[in-house]
Amino acid sequence: MKFSNPNAVLYQLPHPFGFTNWESVYNLRNAETGKQLFSDSHVVEKNRNELMIYTNNQSDN
């Protein structure tokens with residue numbers, strides 16, 4: 001899917017999941033596979049050419 005302003009999408013999409021440091025999410029695009037960022041409830045993980053957001057199952061521990 002192509003967006004006219006992908007940086008705006010990259011900022012807005014992870015924000016509701018607790019990711020407020022836009023620069024860290026932006027830099028994750030060029031990170032190595034497996035690199036992760038954590039919020040209180042979710043994880044963003046770089047997987048090849050994708051950024052995956054999923055629930056952080058460790059957040060209750």
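What to note about this one:
- Percent of Cα-Cα distances greater than 18 Å, calculated over the chain: 32
- Helix-derived mean residue ellipticity, 222 nm - over the chain, DSSP H n ≥ 4, -39500 (n - 2.57), to 500: -5500 deg cm²/dmol
- Maximal additional length on extending the ASN5-PHE38 stretch stands at 9.4 nm, based on 0.36 nm per residue less the C-alpha distance.
- Summing charges over all other residues whose Cβ lies under 15 Å from the Cβ of ASN7, with Lys and Arg as +1 and Asp and Glu as -1, gives +1.
Read-outs throughout are calculated quantities, based only on the coordinates presented, and are distinct from any laboratory measurement. Keep in mind that this is a model prediction, so the values were computed, not measured. All Cβ positions, glycine included, derive from the backbone under ideal geometry; neighbour counts span all protein chains shown.
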